[in-house]
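J.: Here it is, the structure in full.
The values are calculated or read from the model by the stated rules, or taken from the named source; none is laboratory data. Computed from a predicted model, the values in this text were never measured in an experiment. So basically every Cβ, Gly included, is an ideal-geometry build from the backbone, and we count neighbours across all protein chains shown. Surface accessibility is based on the protein's heavy atoms, side chains included, excluding ligands, DNA and RNA. Shrake-Rupley method; radii C 1.70, N 1.55, O 1.52, S 1.80 Å.
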Amino acid sequence: MKLKEKQIITVQVYPGRKFGTMIGSNDGLIGILINSGEYIDVPQERVRIVSVEVERDEKDESHIE
């Protein structure tokens with residue numbers, strides 16, 4: 001699983017059902033910042049993607065009328 005630039009991926013970790021933000025991956029492990037502030041590495045098969053958002057720059061918003 002590879003992050004694209006400016007993506008915010010919210011995930012759920014099983015079996016503990018913790019929620020957090022994916023911050024990186026390497027060799028089948030996913031680095032997640034849990035909503036409680038804790039950092040964990042978990043195997044990719046224990047992670048479910050809940051949502052994917054694209055972070056917008058202020059420059060992008062200036063074109064909206």
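J.: For the range 39-51, give me each residue that is open to solvent by 80 Å² or more (accessible area, probe 1.4 Å) and out of contact with any Leu (no Cβ under 8 Å at 6 or more places or on another chain). Before the answer, list the steps.
T.: Start the filter on the range 39-51 by keeping residues that are open to solvent by 80 Å² or more (accessible area, probe 1.4 Å), which leaves 39, 41, 45-46, 48.
E45, R46, R48 - these are the residues of the range 39-51 that are open to solvent by 80 Å² or more (accessible area, probe 1.4 Å) and out of contact with any Leu (no Cβ under 8 Å at 6 or more places or on another chain).
J.: Taking the range 1-17 as the search range and keeping residues that are hydrophobic (A, V, I, L, M, F, W, C) and either part of a loop (DSSP other than H, G, I, E, B) or under 10 Å from V52 (Cα atoms) (or both), which one is modelled with the lowest pLDDT?
T.: Taking the range 1-17 and keeping what is hydrophobic (A, V, I, L, M, F, W, C), we get 1, 3, 8-9, 11, 13.
Pick out the ones that are also either part of a loop (DSSP other than H, G, I, E, B) or under 10 Å from V52 (Cα atoms) (or both) and you get 1, 3, 8-9, 11.
Values: M1: 56, L3: 59, I8: 89, I9: 91, V11: 95.
Within the range 1-17, the match that is modelled with the lowest pLDDT is M1.
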